[in-house]
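Q: Here it is: the structure, laid out below.
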Amino acid sequence: MTSEPARPESRRDRAASADRDGRRGLIGTVRRWTSDRAPGPRVARLAAQGLVLALVAGGTSAFAVMHKAVTVDVDGHEVHVTAFGRTVQDVLKGSGIAVAAGDAVTPALSTVAMNGGDIVVRHGREIEVVMDGQTRTVWTTALTVGEAVQDLGVRDGNAMLSASRSEPLGREPLRVSTEKTIHLVVDGQVIDGISSEPTVRDALRQIGLVLNEGDQVSVPLDATAVDGLVVLVTRAAQSGDSVTQAVPFAEVDVPDPTLSTGARRVQVAGRAGLEVVTYATKVVGGAVVSRTPIATKTTIEPVTQVIRVGTMPVPSLANVVIAPGSAQEIGHQLVAARGWGDSEFACLLTLWDRESGWRVDASNASSGAYGIPQALPGSKMASVGADWQTNPATQITWGLNYIAGRYGTPCGALGHSQASGWY
């Protein structure tokens, strides 16, 4: 078998061989550079390009983190905005939403804004309030009449307002008439009536007193009704055999385990009735010398007054140490300033221990409740002060207003919390 003669090396084969030898040489050279000395211009250029790519990638990532799309509730109106910034303040500023001192913002301006999150802005303003005849100016971030009244500490459902609670808060003065007790002395008896009407005339009508022509009242009927007012009614002389007079209402107590022991709350306000008494008269020489009642007919039945009487055991302050300067000490002082005793503070201590541990920055991520009293939203507390996010006195004052308006006392709030899990 003869062997095939060797094929001459072509130009293409020689070029490929040279290329392989060259690459082997280059690889060896690079290895020597790596181990023996600094890289040349080409390697340095590659490293620089890698650094630039890393910086570009990092900058792009930072831009994505700083770019936020959020929903902002501005005074009850939702807007969807996109802005570039790290904090809530940055996002609001970038969106053109102005915030001034006294406005309420939740979360706080310094909080890191979350992409896709929610921000609530309530712009504050001054309103004029006329409460039981007394005019004052207050700062509020409330949107409705009901929210403003709650911030004032007016007890829910027991006040007469100049506008509906659901009505937007306008520029006109807000008139509030709170619940009060009127001591009515009439027809030889005393009737302690409850009324939330603004004037004496309307309060007497609500209590059920019917005035006859010629009757005299010890205070002007158009005067402002205030708590504890005593009204003496002098009946005009009545001729004939029949006299119309008021019938006092009865009062019953109903135990209530949601109120602290000894606390009393009006559940149903009593209302006086009306009766007609017929007399037999004896006349001597044209003058009536005696009158004897012979018949009584009730024309309007009185309404029994129902009082809820608390039976809930009151927590004790025994063995409780209150640190000087602490939020709890501030709360103790503010409770005492309202005329509430240590038993009420003991209830408040228990209530807010459970709600927030008395921490000024306590925040509920799921509901948005904030602060010592766990206001929902926390921005409501701006009605007391612009420093509502950090000042325990501001938060406690708002919380006590809320408790007084909704439950009457801290023990009332605690009782409701124990019964329902919230207050």
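Please treat every number below as a calculation from the coordinates, not as lab data. Since the model is a prediction, treat every value here as computed from it, not as a measurement. Glycine gets a Cβ as well: all are built from the backbone with ideal geometry, and neighbour counts include every protein chain shown.
Q: Gain in length, E251 to A419, computed as 0.36 nm per residue apart minus the alpha-carbon separation, to one decimal in nm? All intermediate terms of the calculation are to be shown ahead of the outcome.
A: Working: separation 168, 0.36 × 168 = 60.48 nm, distance 2.62 nm.
This chain segment gains 57.9 nm when fully extended.
Q: Please compute, over every Cα-Cα pair in segment 230-345, the percentage with a separation greater than 25 angstrom. Intermediate values should be presented prior to the final figure.
A: Numbers: 3786 of 6670 pairs.
Everything past 25 Å amounts to 57 percent.
Q: Order these by the 10 Å Cβ neighbour count, fewest first: C411, C347.
A: Values: C411 29, C347 26.
So the residues, fewest neighbours to most, are C347, C411.
Q: Let me ask another. Once both labels are modelled 7 Å past Cα along the beta-carbon direction, what's the V79-V268 spacing in nm?
A: With each label placed 7 Å out from Cα toward Cβ, I get 5.3 nm.
Q: To make sure I understand the rule: partners must be lysines, Cα under 29 Å from the Cα of K380, and not fewer than 8 residues away in the same chain. Which ones qualify?
A: Partners within reach: K68, K93, K180.
Q: From the phi of every residue in segment 172-188, what ³J(HN,Hα) in whole Hz does the Karplus formula 6.51 cos²θ - 1.76 cosθ + 1.60 yield, where θ is phi - 60° and glycine or proline is x?
A: 6, x, 8, 9, 10, 10, 8, 6, 8, 9, 10, 8, 9, 9, 8, 6, x
Q: So which lysines pass the test for K282, namely a Cα distance under 29 Å, with those fewer than 8 places away in the same chain ruled out?
A: K297
Q: While we're here: Which one of T224, A246, N212 is farthest out on the positive end of the charge dipole of segment 180-311, using unit charges on Cβ (Lys, Arg +1; Asp, Glu -1) and the Cα centre as origin?
A: Farthest along the dipole direction, towards plus: A246.
Q: Let me ask you something else. Across segment 314-420, how large is the tail of the calculated P(r) beyond 25 Å, expressed as a percent of all Cα pairs? Can you show the working numbers first?
A: Details: 676 of 5671 pairs.
That fraction is 12 percent.
Q: Under a plain spin-label model, where a point goes 7 Å from the Cα along Cα-to-Cβ, how far apart in nm are A280 and L376?
A: Reported label-point gap for A280 and L376 is 6.9 nm.
Q: So for the pair E128, L317, with labels modelled 7 Å out along Cα→Cβ, what separation do we get in nm?
A: Simple spin-label model gives 4.1 nm for this pair.
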